[in-house]
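Report on the following structure.
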Amino acid sequence: MLTFVVRRLLLAVPVLLGVVFVVMLTVDLLPGDAVTLMLGEHATKDAVAKLRDHLGLDKPFLVRYLDYVGRLARGDLGRSIQQNRPVAAELADAWPATLELTLAALLLAAAAGVAAGVVSAVWPNSLFDGLARVGSLFGLSMPVFWTGLVLIVVFALWLPWLPVGGSGSASHLVLPAVTLALPSIAMVARMTRSSVLDVLHEDYVRTARAKGVAERLVVAKHALRNAAIPILTLLGLQAGQLMGGAVLTETVFAWPGLGRLMVKAIFARDYVLLQGAVLVFALAFVVINLVVDLAYGALDPRIARQG
C-alpha cells in the first residue's frame, strides 16, 4: 500500500507543474496590464517600468515560469499584487470557508443521492422512482447560479427563514450548500440506481434471498457494497466539481472562500494570487483522487496490488 501511495504522489508532480504552466500562460495572454491597473491610467512610463521590473514582469515567460517553480520548491507562493500580502496568508484565510462549503455539499450529495438511488433501485418504476428521475433531470439541467438566485428569492425574501448571504453561522451555510449539492445529488442518485439495479439481478443476490437473508441486509451488504466502486468514483469526481462550482456559488452568496477570492484576483489582474489559488485547487484534486484510489484498495485489495 505504501508503494501505491508513493507512486500516486510522484505522478502528481508533473500534473501540478503542468497546471502552473497553463495558468501562467493563460494569464499572460489575457488582455490588460496588472501594473496599469495598480498605478492607474495616468501613471508615468518610468513608474510603470520600475514596478514592472520589481514584479519581474519584464522577464521572458519561461524565465518567470522557472523562477516561480523554484520559489514553489521553497514553499514561497509569492505576494499578492493587490493586497501586498503573502499569497499563502491570503489562501489560508479563504481556504477553510471553501473546504467547509465543499464538504457540506459533498455530504449532502452522498447522503441524499445514495439514499434516493437505492430506494429507486429497490422499487423500480414506482411513484418514488418516477419522481426521483424527474428531480434528477431538473437538478442536472439548472445552472448553479440560477438555482442559487431562486433559493435566495424563496427562502430569504419570500420566506425569511435563512440569510441572503455571508457567513458566520450554520444557517448561512444552508442555501449555498444546497445550491452547490443539487446537481451532484442528481448525478449520484442516477448512478446509484443504475449500479444497484444491475447488482440486484446477480446470482449471489438471488442466492442470499433464497437463504432467507433479510431484504435490507441483501441491499446493504450484498448489493450496495458491490455497486460501491462506480458510486465512489463519481463522488470523487463530484468533490472536484463541487470545488469548481464553489466559484459561482461563493460569488452568488458572498461566501468568503477561495472561489470568491479567485474572482476578485481575476478582476484585479492579481496573477500571483490567481496562480496560487488555482494551484491549491489542483492540489486538492490530486488529494481527492488519491483518497478515492485508497478507498478502491480498501474495497478491493486487488486494485492496490495492481496499482
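Just add up the charged neighbours of residue 128: K/R +1, D/E -1, any other residue whose Cβ is under 15 Å from the Cβ of residue 128.
Details: positive: 133, 190, 193; negative: 129.
Charge balance near residue 128 sits at +2.
If the chain between residue 170 and residue 266 were fully stretched, how many nm would it gain, using 0.36 nm times the residue separation less the Cα-Cα distance?
Roughly 31.6 nm would be gained on extension.
Please state the charge dipole magnitude for the chain, taken about the Cα centre, from unit charges on C-beta atoms (+1 on K and R, -1 on D and E), reported in debye and rounded to the nearest 20.
Using only the charged Cβ atoms, the result is roughly 720 debye.
Springs between alpha-carbon pairs under 10 angstrom, Gaussian network model over the chain: which of 182, 237, 25 fluctuates most?
Ranking 182, 237, 25 by mean-square fluctuation puts 25 first.
Tell me the angle of helix 258-268 to the major Cα principal axis of the chain, expressed in degrees between 0 and 90 and rounded to the nearest ten.
That works out to roughly 30 degrees.
Sequence gap at least 6, Cα distance under 8 Å: using those rules, report the relative contact order of the range 87-306 to the nearest whole percent.
On the way: 250 pairs, mean separation 62.8, N = 220.
About 29 percent, as a whole number.
Given a cut-off of under 8 Å on Cα pairs at least six residues apart, what relative contact order in percent is computed for the range 82-209? Walk me through the numbers before you get to the answer.
Values: 114 pairs, mean separation 50.2, N = 128.
Here the relative contact order equals 39 percent.
Helix 61-73 sits at what angle to the longest principal axis of the chain, using alpha carbons and giving 0 to 90 degrees rounded to 10?
60 degrees
Residue 79's amide H: which non-local residues (gap 5+, or another chain) put their own amide H closer than 5 Å, with H modeled 1.01 Å from N in plane and none for Pro or chain starts?
Hits under the 5 Å cutoff: 87.
Taking +1 at the Cβ of each Lys and Arg and -1 at the Cβ of each Asp and Glu, which of 145, 217, 272 sits farthest along the dipole of the chain towards its positive end, judged by Cα position relative to the Cα centre?
Checking the options against the dipole of the chain, the answer is 217.
If one computes the Cα centroid of the range 130-191 and of the range 41-79, what distance in Å separates the two points?
Their Cα centres are 42 Å away from one another.
Between 0 and 90 degrees, rounded to the nearest ten: what's the tilt of helix 45-55 against the longest Cα principal axis of the chain?
The two axes meet at around 50 degrees.
Between residue 103 and residue 126, what is the label-to-label distance in nm when each label sits 7 Å out along the Cα-to-Cβ direction?
Once both label points are built, they end up 3.4 nm from each other.
Convex hull over the Cα atoms of the range 152-271, averaged projected area in nm²?
Mean projected area for the range 152-271: 10.5 nm², to one decimal.
Pick from 56, 168, 212 the residue whose mean-square fluctuation is largest in a GNM of the chain, springs joining Cα atoms under 10 Å.
The residue with the greatest mean-square fluctuation here is 212.
Using r as the Cβ-Cβ distance of residue 254 and residue 154, and R0 as 22 Å, what FRET efficiency do you calculate, to the nearest 0.05?
That gives a FRET efficiency of 0.75.
Can you match Rg and Dmax of the Cα atoms in Å to one of these, (i) 23.7, 86; (ii) 19.5, 59; (iii) 18.4, 57, based on a calculation from the structure here?
(i)
Looking only at GluC sites (Glu not before Pro) in DSSP loops with at most 15 other Cβ atoms within 10 Å, what is the longest site-free stretch of the chain?
So the longest stretch without any such site is 42-201.
Of the candidates 77, 159, 248, which one comes out as most mobile in a Gaussian network treatment of the chain with C-alpha springs shorter than 10 Å?
159
In a shell of Cβ-Cβ distance under 14 Å around residue 141, excluding residue 141 itself, what net charge do Lys and Arg (+1) and Asp and Glu (-1) give?
It works out to a net charge of +2.
Coordinate-derived values only; no laboratory data. Just so you know, these numbers come straight off a predicted model, no measurement behind them. All Cβ positions, even for glycine, are placed from backbone atoms using ideal geometry, and neighbour counts span all protein chains on display.
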